[in-house]
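Reviewing the structure listed below.
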Amino acid sequence: MTGADKGIGRGGAEQLGALDMTVPIGARDAESGEEVAAALRACGCDAHAVTVDVTDPAAVRDATKQVEERFGHLDLVSDPASARSAPDRRPSGCYS
């Protein structure tokens, strides 16, 4: 879940956690992402911070690789952070 440290992204992460899903908390700011992951873990969710800037295709690939290496696979990608990015800066083809 990108942008999971605030707003719609955080709300989505909370909902996924409530469904007993493991939730990587994607955020540009590592400290903010870890704070949200810790708050979700305190509520019984399996949440882990992943630093990622969705305007940087290489960072998106790296974050995806980190999640796949840690958990073995990635079942769902929710990318509300890109909705806030300027269309000309939005990465393309990063999730294939």
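Applying the criterion of being in a helix (DSSP H, G or I) and at pLDDT below 85 to the residues of the stretch 61-81, the residue that is surrounded by the fewest Cβ atoms within 10 Å (Cβ to Cβ) is Pro80.
Okay, residues lined up against (1) farther than 14 Å from Pro80 by Cβ; (2) in contact with a helix residue (DSSP H, G or I) (Cβ under 9 Å, 6 or more places away or on another chain); (3) of a type in the set (A, V, I, L, M):
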| residue | (1), (2), (3) |
| --- | --- |
| Met1 | no, yes, yes |
| Ala13 | no, yes, yes |
| Gly17 | yes, yes, no |
| Ala59 | yes, no, yes |
| Asp62 | yes, no, no |
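Only residues that are buried (at least 20 other Cβ atoms within 10 Å of the Cβ) and either in a loop (DSSP other than H, G, I, E, B) or at pLDDT 95 or above (or both) were counted in the stretch 1-24, giving 5.
Identify all residues within the stretch 25-60 that are small (Gly, Ala, Ser) and either surrounded by 18 or more Cβ atoms within 10 Å (Cβ to Cβ) or within 21 Å of His73 (Cα to Cα) (or both); write none if there are none. If the condition is that a residue be small (Gly, Ala, Ser) and either surrounded by 18 or more Cβ atoms within 10 Å (Cβ to Cβ) or within 21 Å of His73 (Cα to Cα) (or both), then Gly26, Ala27, Gly33, Ala37, Ala47, Ala49, Ala58, Ala59 are the ones that fit.
The values are calculated or read from the model by the stated rules, or taken from the named source; none is laboratory data. Keep in mind it's a predicted model, so treat the numbers as computed, not measured. When we count neighbours, we look across all protein chains shown, and the Cβ atoms used for this are built from the backbone with ideal geometry, even at glycine.
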